[in-house]
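The structure appears below as structure tokens.
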Amino acid sequence: MSTSKLNPAESPDKPFQQVKIMGILNVTPDSFSDGGKFSHFDSALIQVETMINDGADIIDIGGESTRPGAAEVNEQDELKRVIPLLKAIKSKFDICVSIDTSKAKVMEESIIHGADVINDVRALQNEGCLAVLAQSSVPVCLMHMQGLPRTMQAKPQYDNIIADIKKFFESRIQACEQAGINKSRLILDPGFGFGKTLEQNYQLLAQLAKFKALGLPILSGTSRKSMVGNLLNRDVTERLSGSLATAIIAMQQGAKIIRVHDVKETVDALKVLQAVAQPTE
Ligand code: 9MG
């Protein structure tokens, strides 16, 4: 998959037609701990098939939890969780697969085994990541995070959240280009919930369109996050309506990829948005 597929020339009368739905497949210990264990492995494949049938365009596999407070996982464990599943998905389904990782070795192995996109919440800042991506041609999502998952929600602070994140994107775009990664391969993500207060998350969502000035596709990931749960006082199992509302706002703000747990419901919401965007007689 090339980012040109993610960022086609906007058609003014059909602005939402090119939005892609990225279905989340977490293979962290809280979902399952070992890609070699068949029952869990099989249930992951069933989940992938369901997401594809529900209309997912991309499956995002994550082998390291990035939740606030989450512990880091070592390279070997992450490889064991991600690579067998990636290989199985690519052999069974015709679907674009994204690998959510911040480790150069996991990126390298994933690309060898057919990953179509790399999704890095640390925006290729870890050692060796820029070099691995420079040796390949896959698109990469650069996400903004203030701090690290273990501590990021302690006291997030910005002078101006939009300007600060824009500056971060500009510096990462420059680092990528200097390393030999063409700008046309990049996707930008402001990183909802990653070092942002509740209020800051909604300021970001309301102004997401401002990042379009950087000329790259925007990915938005708000699904079931605390920004939904804390606003509505809803447990993680009760955040569907709030998550759909944030997805619709993100699409209206021009996001080209929406990262979600609830694919079917988000595809339906997107279709409603597309219906009102059709030209009238
Ligand atoms: C892995 N992961 C968790 N949340 C995410 C988000 O909002 N964006 C991206 N790109 N990845 C995320």
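The values are calculated or read from the model by the stated rules, or taken from the named source; none is laboratory data. Quantities reported herein were computed from a predicted structural model and do not represent experimental measurements. Don't worry about glycine lacking a Cβ; one is built from the backbone with ideal geometry, like all the others, and counts go over all protein chains shown. Ligands, DNA and RNA are stripped out before the accessible areas are found, and what is left, the full protein with its side chains, is counted by its heavy atoms. Shrake-Rupley method; radii C 1.70, N 1.55, O 1.52, S 1.80 Å.
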In the neighbourhood of Asp54 defined by beta carbon distances under 13 Å, the net charge of the other residues (Lys, Arg +1; Asp, Glu -1) is -3
With Cα springs under 10 Å, the Gaussian network model of the chain assigns the largest mean-square fluctuation among Leu142, Leu205, Leu219 to Leu205
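At a 1.4 Å probe radius, carbon and sulfur cover how many percent of the accessible area of the chain? Intermediate values should be presented prior to the final figure.
Details: 6210 of 12850 Å².
Ligands and nucleic acids excluded, carbon and sulfur give 48 percent.
Please sort 71-80, 187-196, 258-267 by packing, taking for each peptide the average over its residues of neighbouring beta carbons within 10 angstrom, highest first. Walk me through the numbers before you get to the answer.
Working: 71-80: 15.1, 187-196: 24.2, 258-267: 22.1.
Packing proxy ranking, top to bottom: 187-196, 258-267, 71-80.
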Any lysines whose Cα falls less than 27 Å from that of Lys210, other than same-chain ones fewer than 8 residues away, would be Lys5, Lys14, Lys20, Lys155, Lys166, Lys167, Lys183, Lys196, Lys225, Lys256, Lys271
Everything considered on the Cα gyration tensor (a ≥ b ≥ c; rounded for a/c under 1.5, else prolate if a/b is larger than b/c, else oblate), the chain must be described as rounded
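Arrange the residues Arg67, Arg224, Arg234 by how much accessible surface each exposes, largest first, with a 1.4 angstrom probe.
Numbers: Arg67 145, Arg224 85, Arg234 115 Å².
From most exposed to least exposed: Arg67, Arg234, Arg224.
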Looking only at lysines whose Cα falls under 17 Å of Lys80's and that sit 8 or more positions away or on another chain, we get Lys37, Lys90, Lys103, Lys105
To the nearest Å², the heavy-atom accessible area per residue of the chain with 1.4 Å probe amounts to 46 Å²
Net charge near Ile95 (other residues with Cβ under 10 Å of its Cβ; Lys, Arg +1; Asp, Glu -1) is -2
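Would you mind classifying segment 52-93 by shape? Square roots of the alpha carbon gyration tensor eigenvalues, ordered a ≥ b ≥ c; an a/c under 1.5 is rounded, otherwise it is prolate if a/b is larger than b/c and oblate if not.
Details: a/c = 5.08, a/b = 1.53, b/c = 3.32.
Here segment 52-93 falls in the oblate category.
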